[in-house]
Amino acid sequence: MALPTKLDHCVIHVSDWARSNAFYRDVMGAELVKREAGFAYRFGDKQLNVHGVGVRPAEVARLPVQPGNSDLCFEWQGPIEDAVAHLKRHSVAVEAGPMQRFGAKGTGTSVYFRDPDGSLMEFITYPD
């Protein structure tokens, strides 16, 4: 039985607001949401809550998120070659791919790259 749940947000940590805001806005397509301290990065109805300088996260996690230790995948709407060209235009190096991977919609084609703190990022495309 499926429960009435869906992903709302997850948390990343950045070390430099200006650098990361530019990356997540320009490369990843996020809407920057100003918060009392820092920012969140919104993608439609999903959000990355961001810990960084000036943010006091809730003391619930056993191990707080650290800069560079996240691994996030985003669906790219279109051919993977367009994603590679987009990364190149923003001087973001592709670390691996294109290669076949398994994501939320099944088998797709992915490329891997890094955010400014070294967190692993992935764009995945699915066949029509």
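The values are calculated or read from the model by the stated rules, or taken from the named source; none is laboratory data. Just so it is clear, the model here is predicted, and its values are computed rather than measured. Cβ coordinates were reconstructed from backbone atoms using ideal geometry, including for glycine residues, and neighbour counts include every protein chain displayed.
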field: Complete set of residues in segment 74-88 that are loosely packed, with under 13 Cβ neighbours inside 10 Å and not in a helix (DSSP H, G or I)
entry: 77, 78, 79
query: So residue 98 clears everything in (1) part of a loop (DSSP other than H, G, I, E, B); (2) out of contact with any Leu (no Cβ under 7 Å at 6 or more places or on another chain) except one condition, right? Which one?
result: (1)
- line: The one condition residue 91 fails out of (1) of a type outside the set (A, V, I, L, M); (2) part of a loop (DSSP other than H, G, I, E, B); (3) modelled with pLDDT under 95 is (3)
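Could you check segment 106-128 and list, in sequence order, the residues that are modelled with pLDDT of 95 or more, part of a loop (DSSP other than H, G, I, E, B) and among the charged types (D, E, K, R)?
Kept after step one, since they are modelled with pLDDT of 95 or more, are these residues of segment 106-128: 106-126.
Filter once more, so that each one left must be part of a loop (DSSP other than H, G, I, E, B): 115-119, 126.
Answer for segment 106-128, where residues must be modelled with pLDDT of 95 or more, part of a loop (DSSP other than H, G, I, E, B) and among the charged types (D, E, K, R): 115, 117.
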query: Do we find that residue 68 is within 14 Å of the chain's Cα centre (by Cα), closer than 26 Å to residue 98 by Cα, assigned to a loop (DSSP other than H, G, I, E, B) and at pLDDT below 95 in this structure?
result: yes
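Anything in segment 81-95 that is touching a residue at least 60 places away in the same chain (Cβ under 8 Å) and out of contact with any helix residue (DSSP H, G or I) (no Cβ under 7 Å at 6 or more places or on another chain)? List them, or say none.
Result: 87, 92.
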- line: Taking first residues from segment 50-67 that are touching a residue at least 24 places away in the same chain (Cβ under 8 Å) and closer than 22 Å to residue 32 by Cβ and second residues anywhere that are surrounded by 10 or more Cβ atoms within 10 Å (Cβ to Cβ) and of a type in the set (S, T, N, Q), the pairs with Cβ under 8 Å that are 6 or more apart or on different chains are 50/20; 52/15; 52/20; 53/15; 67/15; 67/119
- request: Keeping to segment 53-73, report how many residues are among the β-branched types (Val, Ile, Thr) and exposed (fewer than 13 other Cβ atoms within 10 Å of the Cβ).
  value: 2
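Among the residues of segment 1-45, which ones are in a helix (DSSP H, G or I), hydrophobic (A, V, I, L, M, F, W, C) and touching a residue at least 40 places away in the same chain (Cβ under 8 Å)?
Listed by number, the list holds a single entry, 23.
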- request: Scan segment 113-128 for residues that are without any contact (Cβ under 8 Å) to a residue 24 or more places away in the chain and either surrounded by 19 or more Cβ atoms within 10 Å (Cβ to Cβ) or more than 17 Å from the chain's Cα centre (by Cα) (or both) and jot them down.
  value: 127, 128
